[in-house]
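Below is one structure, written out as structure tokens; the observations come after it.
What follows is calculated from the coordinates using simple rules that are stated; it is not laboratory data. This structure is a prediction, so every number in the text was calculated from the model and none was measured. Cβ: placed from backbone, ideal geometry, glycine included. Neighbour counts: every protein chain shown.
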Amino acid sequence: MLTELQKNFLKGKRNIICSLVFILLIVLCFLIIPSLASPSVVLPTPQKKSDVLLDDVLSSKFSTQGREKINESFDLNSISQLAWAAQGITHPPSRTVPSAGATYPLDVFISTRITLEHLDNGTYVYNPTDHSLIRSEIQPTYMSILQVIISDNNHLNLELINSAPILFLITAEYERTTEKYSNRGIRYVHLEIGHLLQNLRIQAKALFIELEIVLNFDENLLQSLYGIEYTPLAVVFAWETDSADLHLNKKLNRNNCNNLKLKYYNFDVQTSTSVEEAINARRSIRDYLPDAIKETEIKHLLKHSINQIDAQSNESVFDPFLSNSSISAYLSVSNIEGIEEGVYRYISAEQSLNKIINNSKQEELWEASLKQQWVLDAAVVIVLFMNQSKLYENYKTYEFNYRNALFDMGAAAQNLYLESYALGLGMVVIGAFSDTEIKSIITALSEESPIYVIPVGKVSVISAYGPFGTWKQMITSISAWLSISAMYFAHLFITPMIRKKIKSKRSVRLHISLVLLSILFLIVHLFLNHGGWTFLRNLTWVSFWGVIKSIFFNFSLKGELDPYNVGFIISRLGIWFGIFFLALSLALLFRKTRLKFGSKIKIIHKYFGYALVIMIIYHALINGVIVSYIYPWGVIILVFATLIYAFLTLYPRLRKIKIFTK
């Protein structure tokens, strides 16, 4: 009986069980086997809101009092929160810090000095995809790492550093970004590290954690210790203090601040956004409303973002990475209530704006920024410059100082990102522009060089920062799920049980209609996800060709060959499989082709259909479900839907071979 069952099973049409087994093998290979090879520690879910306000953190300086009082323990929740703030995924695939072209060249290693709660002593790599720590194959001793750090940093408090229970190593794989942006990508990587370090500093203050950031060390020695090819660029020691109120005056007395003689500050604007809420919501927003920004809003934004000064101590809120701050800020104003059009230089020491050009230079900036539409649409464009003369004032080399100055730029831009969300504004950082043209337009000082062009405008908070992201992100996600749903029901209508319920011809028509509908939604998803929005804004052949190239010919990896990147490669292969699948379907519509090659085409059509479904499910699981907030519900829905499909397909055949009958 069993032999006959096997014969009948293999003899008939191939069914969904083959696909299910294949999908299961793929999931096992890419999810379970790597986790067995590299044991991982799943971190607690990061907190997305707290009582610590962003404005308080950005306006009060760390106190040096009590830095000696180190708590030997370090909570796993704190590790989770800091790792998430550094490189965590917020709205897939976006992370807590921006990355040029979403190349994400940075990796975070975590080394512990002692065994902590639920975490053995050792070195781990942070995996943003599932928010876990993967134990590193090579385990450098904590003391050997300290020796490398201390040898080049005589100014460090050795007793303090030796007692720190944990350190973070930030590394960069430049090739991930330089492959796309050539040598300019090196600048982008250093700016991104500035964004990351600032997130760490802000989050640490909110958690009452002290940090010591070290940027000067022998990179080659650390590479060999960790057994990595990436470039180590920053080491961050972290420890918890015994007293939570040592370094943050969380309950700032705002009434007393009104008596301060700050020419350019007004407490009329008060935000209630927490640190974690701002970090989680940070996005690059490119669509702005035509509404004007209020004068008090732009004042608030600048004060809390660029060269911030503590109102009580009159010191910098965060120590600059370069000993002498090299940031200069200019504003091209076109739509701010209370401020005339023109170009202004921001004087951070006085909290004031100095007008240097009468007319707004937005159109010229748009031209110099490769005609990126959002530069024209913004109410104000902030241009951050680096003062090159400051790079020679430090005893270090020019290259080292230049890199640290870029860290400062990234940190200031991250402040702008977080504070703009708190104010209901949107912004995006632009690094691609003509340096000489920007400098000429702004008429900056001879020693200043442009680093960032930052358009800022009013946004609809619901559409820009809502649960689905921007309108583009929302439409992209919805179109993807509609495409999967249409494809699913298209196949459901041709299962034996459904075809018995409705006429065969009608089920075939429904199948074809739903397949075409699925393809239509898929085109929308691909178009918007690969630069289509830019093409619609610019309507140029260059942007159109960029979209086509990105959709059909982009097989480059964003990092190592992990399940997430495999999902992207499979999606590209799936596109070509889909094109061939559609061609086969169209061939069956022609009578001559159907009569001559019908049986062969049907067989190929069937197997290509199975392969395509497998690719869609894998891509949806890895790139669209597992790394998003609908996990695990998305997985449950996919599995449940697959089981229904399998039952409707198999049940009539299994009845024929008397599995369900006596």
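Tabulated results
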read-out: Set of aspartates and glutamates with alpha-carbon distance to LYS49 below 16 Å, sequence-local pairs under 8 removed; value: GLU276, GLU277, GLU419
read-out: Projected label distance in nm at SER144 and GLU179, using a 7 Å step from Cα toward the beta-carbon; value: 3.0 nm
read-out: Net charge of neighbours whose Cβ lies under 11 Å from the Cβ of TYR421, counting Lys and Arg as +1 and Asp and Glu as -1; value: 0
read-out: Among GLY342, LEU376, GLN388 the positive-end extreme of the charge dipole of the range 334-393 (Cβ point charges); value: GLN388
read-out: 25 Å Cα-Cα threshold exceeded, pairs from LYS361/LYS396; LYS303/LYS396; LYS303/LYS355; LYS303/LYS371; value: LYS361/LYS396; LYS303/LYS396; LYS303/LYS371
read-out: Net charge of neighbours whose Cβ lies under 14 Å from the Cβ of GLY122, counting Lys and Arg as +1 and Asp and Glu as -1; value: 0
read-out: Loop-located GluC sites (Glu not before Pro) in the range 131-201 whose Cβ has at most 16 other Cβ within 10 Å (DSSP); value: GLU137
read-out: Charge dipole (debye, nearest 20) of the range 65-151; +1 at Cβ of Lys and Arg, -1 at Cβ of Asp and Glu; value: 220 debye
